[in-house]
Every structure is written in structure tokens, then in C-alpha cells.
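Participant: Okay, here's the structure, questions in a sec.
The values are calculated or read from the model by the stated rules, or taken from the named source; none is laboratory data. These numbers were taken from a predicted model, which means no experiment stands behind them. For neighbour counting, all protein chains shown are included, and Cβ atoms are generated from backbone atoms with ideal geometry for every residue, glycine included. Each accessible area value is taken on the protein alone, full model and side chains, heavy atoms only, with ligands, DNA and RNA left out. Shrake-Rupley method; radii C 1.70, N 1.55, O 1.52, S 1.80 Å.
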Amino acid sequence: MKTKVWLLLFSVLCLILIVLSALLLLGGEQAGYAEVYSDGELIVTLDLSKDTEYRVDRGEAWNLLAVHDGRISVIAASCASQDCVHHAPADHGAPIVCLPNRLVIKFANTSEFDAFIG
């Protein structure tokens, strides 16, 4: 009897872990906009549905951003580490950050953006 209870408990625990892992791997909802901040100041809001390139200049520091197929990435930067350039193109989730150039790219859903505007 005890063995059956432990097997049932173990099976339920495994099922819960599988569901949680799938949710984490599949990610969240794709954002509609990317907000680009430089030194804490909102510089531009980019529509992820439109392919474009945008350059952020701050003194001698600069970053070149590209929106392609609904994702944004940093394709070039003046910083030495180039960590932001090696970040995979993203459309949701954690922000893309370039610490040396003080650049942050955050994601906003269409509904959140529309509610914010008006």
C-alpha cells in the first residue's frame, strides 16, 4: 500500500515539473513594442512588426539596433565587451542590456502600450 502511494505522489510531482518546464521553455506572449532606454531615459519605442534599424548615440558610445521578423537585437556597439551584440534576438522576456553604454531594451505588449498612451 505504501509503495502505491509513493508511486502516485512521485508521478504527480513529475507531471507538475513537466508542465512547469514547458511553460518556462515556451516563454511568454510576444511583445508588440520595444522601449529603448539610454541612461534611464526613454529614447524611442520601436514597433516590432516593422523591420527597421535604429542607432542610439550617447556621446562617444553608440549601439545599432535592428528589428527583423518581430524580434530586436543589437547588431553593433562601441563597447569593448560586446555582450549585447551576442545576445540572441528577442521579442519578450528579460531586457537586453549594454552596461558600458548604459542602454536597456525592455518589451511592452500591445495592450499595455495602448493603455499607457490613452
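Participant: By per-residue mean of other Cβ atoms within 10 Å, what is the highest-first order of 80-88, 11-19, 66-74?
Facilitator: Ranking, from highest mean packing down: 66-74, 80-88, 11-19.
Participant: Measure off 7 Å from each Cα along the Cα-to-Cβ vector at Arg58 and Ile18, then give the distance between these two points in nanometres to one decimal.
Facilitator: 4.6 nm
Participant: Rolling a 1.4 Å sphere over the protein heavy atoms, what is the accessible area per residue of the chain, to the nearest Å²?
Facilitator: Numbers: 8110 Å² over 118 residues.
Accessible surface, normalised per residue, equals 69 Å².
Participant: Skipping prolines and chain starts, which residues have an amide H placed within reach, meaning under 5 Å, of the one on Ala76, given they are 5 or more residues away or on another chain?
Facilitator: Leu64
Participant: Compute the length gained on full extension between Leu9 and Asp47: take 0.36 nm times their separation in residues and subtract their Cα-Cα distance, giving the result in nm to one decimal. Can you show the working numbers first?
Facilitator: Values: separation 38, 0.36 × 38 = 13.68 nm, distance 4.71 nm.
Taking Leu9 through Asp47 to full extension adds about 9.0 nm, to one decimal.
Participant: On the accessible surface of the chain, probed at 1.4 Å, how many percent belong to carbon and sulfur atoms?
Facilitator: Numbers: 5070 of 8110 Å².
Carbon and sulfur atoms account for 62 percent of the accessible area of the chain.
Participant: Convex hull over the alpha-carbon atoms of the chain: what's its volume per residue in Å³?
Facilitator: Taking only Cα atoms, the chain has a hull volume of 147 Å³ per residue.
Participant: Write out the cysteines belonging to the chain for which the nearest other cysteine Cβ is not under 4.7 Å, or none if no such cysteine exists.
Facilitator: Cys14, Cys79
Participant: Output wanted: per-residue J couplings in Hz (rounded whole) for segment 34-42, from phi through Karplus 6.51 cos²θ - 1.76 cosθ + 1.60, θ = phi - 60°, x for Gly and Pro.
Facilitator: Here the 3J(HN,Hα) series is 10, 9, 9, 10, 10, 6, x, 9, 5 Hz.
Participant: Roughly how many debye, to the nearest 20, is the charge dipole of the chain about its Cα centre, given +1 on each Lys and Arg Cβ, -1 on each Asp and Glu Cβ, and no other charges?
Facilitator: So the magnitude is around 760 debye.
Participant: Towards the positive end of the charge dipole of the chain, with charges on Cβ (+1 Lys, Arg; -1 Asp, Glu), say which of Ala90, Ile43, Cys14 has the farthest Cα.
Facilitator: Selected residue: Cys14.
Participant: Something else now. With each run of n ≥ 4 DSSP H residues scored as -39500 (n - 2.57), what mean residue ellipticity at 222 nm is computed for the chain after dividing by its residue count and rounding to the nearest 500 deg cm²/dmol?
Facilitator: -10000 deg cm²/dmol
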